[in-house]
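Trainee: Handing you this structure, nothing more for now.
The values are calculated or read from the model by the stated rules, or taken from the named source; none is laboratory data. Quantities reported herein were computed from a predicted structural model and do not represent experimental measurements. Glycine also receives a Cβ, built like all others from the backbone with ideal geometry; neighbour counts cover every protein chain displayed. Protein only, heavy atoms only, side chains kept; ligands, DNA and RNA dropped before computing areas. Shrake-Rupley method; radii C 1.70, N 1.55, O 1.52, S 1.80 Å.
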Amino acid sequence: MLGYVRNALKIQKSKYQTGEILRWLWHAWRGNRLQACLNALIGLLSVVVSLAQVSAVQHAIDVASGVSKGNLYWAVGVMGILILFDFLLSISSTWVQNLLGIKAQNRMQQRMLDRILRSQWHGRERYHSGDVLNRLEFDVANVVDFLTQTIPNTLSILAMFIGAFCYLFAMDPLLSIVTVAIIPVFVAVSKIYVSQMRKLTKDVRTEDSRVQSALQETIQHRMLIKTLEGEDMMIDRLEHSQSILRHKVVRRTVFSVFSNTVLNMGFAVGYLVAFLWAAVRMASHSLTFGGMTAFLQLVNRIQSPARSLTKLVPAFVSVFTAAERLMELEENPLDEQGEPVVMEPPCGIRFEHVSYAYDDGDGEEVLHDLNFDFKPGTCTAVLGETGAGKTTLIRIILGLIQPKGGQALIYGASPHPSPIGEGERHPKNNRKRHHKARVIQSPPLLGRARVGLSPLTRCNLSYVPQGNTLLSGTVRDNLRLGDLNASDEEMKEALHMSCADFLFTEHDGLDTLCGEQGTGLSEGQAQRIAIARALLRNRPVLLLDEATSALDPETEKQLLHNILSDKKRTVIFITHRLAVTDYCDQTLAIEKI
């Protein structure tokens with residue numbers, strides 16, 4: 001029967017089992033237990049105060065009607081004290097939610113971001129950056145709110161339900177049982193409801209992420225869109241995503257309203273039955289007016305938690321969906337973990353029969369049987385047409401990807417002279433050596449520390465990527481990414497080496513503000529600051545990926561002279577500009593396969 005209903009409602013199976021999601025939520029709850037416990041304590045105290053208010057109201061009415069003896073003013077005073085306690089508990093709950101809630105959300109966002117940053121890199125990311133941001137903002141908030149608010153509130157709801165039921169049972173056992181008879185019906189239909197609601201909620205969250213992705217891309221590429229006069233196309237694209245989102249929201253709302261209407265009708269019928277029962281008893285003088293008031297209050301305090309329990313179902317559905325979306329972000333394996341492998345400078349990079357093909361491609365190798373030695377203290381220009389494998393070479397050196405065949409190594413200086421290979425017997429007369437990627441036979445490494453390139457060897461590298469890679473903030477903020485503890489003097493020296501002295505004549509020096517992606521600076525200025533950041537990192541191997549493409553020849557010449565003159569580092573220069581090779585010791589020409 002359940003399978004038939006599932007098929008009729010087109011309920012899809014979840015990607016994760018319920019047990020997996022619960023274990024993930026349990027792990028996420030570890031850092032939020034203080035807030036959860038405080039909220040649970042406040043909730044339980046509120047239950048005690050609420051039930052005490054029922055008793056105080058009954059006593060005051062019975063005293064006023066002469067059924068019970070006592071002082072009416074004292075009875076009303078007790079009611080006032082209980083109302084004050086309830087007010088104080090409400091304030092405490094608000095403070096706990098606001099002060100500890102934002103800390104819990106920030107802590108989880110940091111943990112998720114740290115996990116993403118330390119995961120393996122792929123050329124084509126699985127999720128759009130707008131989708132990832134949507135998950136880190138809304139799904140994290142959903143999970144934290146559930147763990148710190150919903151679960152503690154559930155304890156107080158259950159406590160209220162049990163306490164009110166016991167109180168009512170003491171007054172009228174039969175009615176108390178009739179009042180809670182709807183609960184088994186609720187449990188019976190909850191499984192079907194949860195399954196369908198999870199699917200609908202996940203559909204809404206997915207489309208919401210797509211809308212945010214469209215907004216982010218449009219704002220990020222605003223200048224491009226304006227120059228191509230593509231405003232109408234981007235607005236239409238956003239409208240299309242929003243229309244799909246509205247359709248998904250309508251479907252979820254219709255299902256939710258229908259389900260809630262059915263349940264609320266059941267509760268309404270139960271309350272009417274309880275009211276009629278109490279009226280009949282009061283008419284037969286087996287129940288006082290104060291007793292009837294308490295009677296109806298208790299029925300309400302039984303049904304109110306039951307209603308809240310029905311609202312918990314959407315909350316559970318929502319958090320399960322949020323947890324699934326965050327768990328998906330954690331599917332990507334972590335980079336190799338361990339102590340960084342620090343090599344003594346100067347360092348060299350060596351490729352031995354390296355081959356590589358991307359898994360998401362057509363199986364063709366981008367690099368095939370590549371042999372080359374980027375010797376310590378040398379500068380190598382890497383040339384090749386687009387698609388020849390220059391970017392793949394850089395990714396292997398950075399430890400972002402691993403060779404499919406052969407090995408890529410980093411090695412330290414040799415205490416003994418290494419053999420001289422053929423064609424290298426007279427380096428003074430043959431300073432520039434041109435190599436074909438699959439032809440060179442490099443000499444063996446003797447007496448040198450050597451280790452395979454991996455994320456653990458990344459500590460030996462400084463990297464300047466293509467394009468504008470500055471972050472929003474000041475120039476000082478960007479330079480500190482290279483060395484967190486660098487002094488202003490060290491920053492100025494790095495800027496001088498990278499020919500970025502313009503900052504102190506045309507701008508505000510280290511306090512010069514950069515917009516998103518370095519806006520406010522020219523491409524050439526941004527490139528020089530990025531090079532200064534890499535120099536400030538001060539590692540034995542420097543990778544420059546088209547890092548001077550926006551510089552004029554004179555500035556480029558001076559910058560390369562500053563970088564290469566001391567021979568302290570091994571420089572690998574990816575370039576299309578043949579003029580750069582004049583400053584290099586050797587050239588690696590990669591041919592497209």
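Trainee: How about segment 475-515: which of its residues are under 13 Å from ARG537 (Cβ atoms), open to solvent by 60 Å² or more (accessible area, probe 1.4 Å) and of a type in the set (D, E, K, R)?
Mentor: Listed by number, the residues that qualify are ARG480, GLU490.
Trainee: Looking only at residues in segment 490-542 that are of a type in the set (S, T, N, Q) and under 23 Å from GLY377 (Cβ atoms), which one is nearest to the chain's Cα centre (by Cα)?
Mentor: ASN538
Trainee: Does any residue of segment 279-296 turn out to be modelled with pLDDT under 70, touching an Asp or Glu at 6+ places or on another chain (Cβ under 6 Å) and in a helix (DSSP H, G or I)?
Mentor: Looking through segment 279-296, at least one residue is modelled with pLDDT under 70, touching an Asp or Glu at 6+ places or on another chain (Cβ under 6 Å) and in a helix (DSSP H, G or I).
Trainee: I've got another one for you. Test ASP203 against the stated conditions and say whether it is touching a Lys or Arg at 6+ places or on another chain (Cβ under 6 Å), assigned to a helix (DSSP H, G or I), at pLDDT below 85 and not small (Gly, Ala, Ser). Let's see the steps before the verdict.
Mentor: Working: touching a Lys or Arg at 6+ places or on another chain (Cβ under 6 Å): yes; assigned to a helix (DSSP H, G or I): yes; at pLDDT below 85: yes; not small (Gly, Ala, Ser): yes.
So ASP203 fits the description; yes.
Trainee: Run down MET234, MET197 and say which single residue is open to solvent by less than 80 Å² (accessible area, probe 1.4 Å), part of a helix (DSSP H, G or I) and touching a Pro at 6+ places or on another chain (Cβ under 8 Å).
Mentor: MET197
Trainee: Taking the conditions exactly as written (assigned to a strand (DSSP E or B), under 24 Å from SER462 (Cα atoms), out of contact with any His (no Cβ under 9 Å at 6 or more places or on another chain) and β-branched (Val, Ile, Thr)), does VAL354 satisfy them or not?
Mentor: no
Trainee: How do the pairs read when you match residues in segment 232-250 that are touching a residue at least 40 places away in the same chain (Cβ under 8 Å) with residues anywhere that are open to solvent by 60 Å² or more (accessible area, probe 1.4 Å), using Cβ under 6 Å and keeping only pairs 6 or more apart or on different chains?
Mentor: none
Trainee: Can you name the condition, by its number, that GLY66 falls short on among (1) open to solvent by 50 Å² or more (accessible area, probe 1.4 Å); (2) modelled with pLDDT under 80; (3) in a helix (DSSP H, G or I)?
Mentor: (3)
Trainee: Could you go through segment 542-551 and let me know if any residue there is surrounded by fewer than 16 Cβ atoms within 10 Å (Cβ to Cβ), over 20 Å from PRO346 (Cα atoms) and modelled with pLDDT of 90 or more.
Mentor: No; the residues of segment 542-551 include none that is surrounded by fewer than 16 Cβ atoms within 10 Å (Cβ to Cβ), over 20 Å from PRO346 (Cα atoms) and modelled with pLDDT of 90 or more.
Trainee: Across segment 564-583, what is the total count of residues that are surrounded by fewer than 22 Cβ atoms within 10 Å (Cβ to Cβ) and in contact with a Cys (Cβ under 8 Å, 6 or more places away or on another chain)?
Mentor: Counting residues in segment 564-583 that are surrounded by fewer than 22 Cβ atoms within 10 Å (Cβ to Cβ) and in contact with a Cys (Cβ under 8 Å, 6 or more places away or on another chain) gives 2.
Trainee: Anything in segment 147-168 that is at pLDDT 80 or above, of a type outside the set (Ser, Thr, Tyr) and crowded, with 23+ Cβ neighbours inside 10 Å? List them, or say none.
Mentor: Within segment 147-168, LEU147 is the sole residue that qualifies.
Trainee: For segment 357-368, how many residues are out of contact with any Ser or Thr (no Cβ under 7 Å at 6 or more places or on another chain) and either part of a helix (DSSP H, G or I) or open to solvent by 40 Å² or more (accessible area, probe 1.4 Å) (or both)?
Mentor: Taking segment 357-368 as the starting set, the residues that turn out to be out of contact with any Ser or Thr (no Cβ under 7 Å at 6 or more places or on another chain) are 357-364.
Subsequent filtering for residues that are either part of a helix (DSSP H, G or I) or open to solvent by 40 Å² or more (accessible area, probe 1.4 Å) (or both) retains 358-364.
Going through segment 357-368 one residue at a time, the tally reaches 7.
Trainee: Within segment 110-121, identify whether any single residue is without any contact (Cβ under 8 Å) to a residue 40 or more places away in the chain, part of a helix (DSSP H, G or I) and among the aliphatic types (A, V, I, L, M), and answer yes or no.
Mentor: yes
Trainee: Between residues in segment 48-61 that are of a type in the set (Val, Ile, Thr) and residues that are open to solvent by 40 Å² or more (accessible area, probe 1.4 Å) and part of a helix (DSSP H, G or I), which pairs lie under 6 Å by C-beta distance while being six or more apart or on different chains?
Mentor: What qualifies is VAL49/PHE85; VAL49/ASP86; VAL54/GLN297.
Trainee: Just to be sure before I move on: is ASP483 out of contact with any Ser or Thr (no Cβ under 8 Å at 6 or more places or on another chain), touching a residue at least 40 places away in the same chain (Cβ under 8 Å) and not in a helix (DSSP H, G or I) in the structure I sent?
Mentor: Answer is yes for this residue.
Trainee: Within segment 369-385, identify whether any single residue is part of a loop (DSSP other than H, G, I, E, B), under 25 Å from ASN332 (Cβ atoms), open to solvent by less than 30 Å² (accessible area, probe 1.4 Å) and not hydroxyl-bearing (Ser, Thr, Tyr), and answer yes or no. Spell out how you get there, then give the answer.
Mentor: Start the filter on segment 369-385 by keeping residues that are part of a loop (DSSP other than H, G, I, E, B), which leaves 375-378, 384-385.
Then drop every residue that is not under 25 Å from ASN332 (Cβ atoms), which leaves none.
No, segment 369-385 contains no residue that is part of a loop (DSSP other than H, G, I, E, B), under 25 Å from ASN332 (Cβ atoms), open to solvent by less than 30 Å² (accessible area, probe 1.4 Å) and not hydroxyl-bearing (Ser, Thr, Tyr).
Trainee: Counting just the residues of segment 102-137 that are surrounded by fewer than 17 Cβ atoms within 10 Å (Cβ to Cβ) and of a type in the set (A, V, I, L, M, F, W, C), which one comes out farthest from GLY31 (Cα to Cα)?
Mentor: In this case the residue turns out to be TRP121.
Trainee: Take the conditions modelled with pLDDT of 75 or more and open to solvent by less than 50 Å² (accessible area, probe 1.4 Å) and apply them to SER190. Does it pass?
Mentor: Answer is no for this residue.
Trainee: Give me the pairs: first residue in segment 217-229 and open to solvent by 100 Å² or more (accessible area, probe 1.4 Å), second residue not hydrophobic (A, V, I, L, M, F, W, C), beta-carbon distance under 9 Å, and six or more apart or on different chains, which are they?
Mentor: none
Trainee: Further question on the same structure: Which residues, taken from segment 345-363, are among the charged types (D, E, K, R) and either closer than 24 Å to ARG118 by Cβ or at pLDDT 85 or above (or both)?
Mentor: Answer for segment 345-363, where residues must be among the charged types (D, E, K, R) and either closer than 24 Å to ARG118 by Cβ or at pLDDT 85 or above (or both): ARG350, GLU352, ASP359, ASP360.
Trainee: Which residue is least open to solvent (accessible area, probe 1.4 Å), if the candidates are limited to segment 326-348 and must be out of contact with any Asp or Glu (no Cβ under 8 Å at 6 or more places or on another chain) and within 21 Å of THR378 (Cβ to Cβ)?
Mentor: Here is the first cut: in segment 326-348, the ones out of contact with any Asp or Glu (no Cβ under 8 Å at 6 or more places or on another chain) are 328-347.
If we keep only those that are within 21 Å of THR378 (Cβ to Cβ) too, we end up with 342-347.
Numbers: VAL342: 111, MET343: 20, GLU344: 141, PRO345: 80, PRO346: 47, CYS347: 0 Å².
Only one residue fits best here, namely CYS347.
Trainee: Taking segment 518-549 as the search range and keeping residues that are assigned to a loop (DSSP other than H, G, I, E, B) and not small (Gly, Ala, Ser), which one is nearest to ALA494 (Cα to Cα)?
Mentor: So, considering only residues that are assigned to a loop (DSSP other than H, G, I, E, B) and not small (Gly, Ala, Ser), the one nearest to ALA494 (Cα to Cα) is ASN538.
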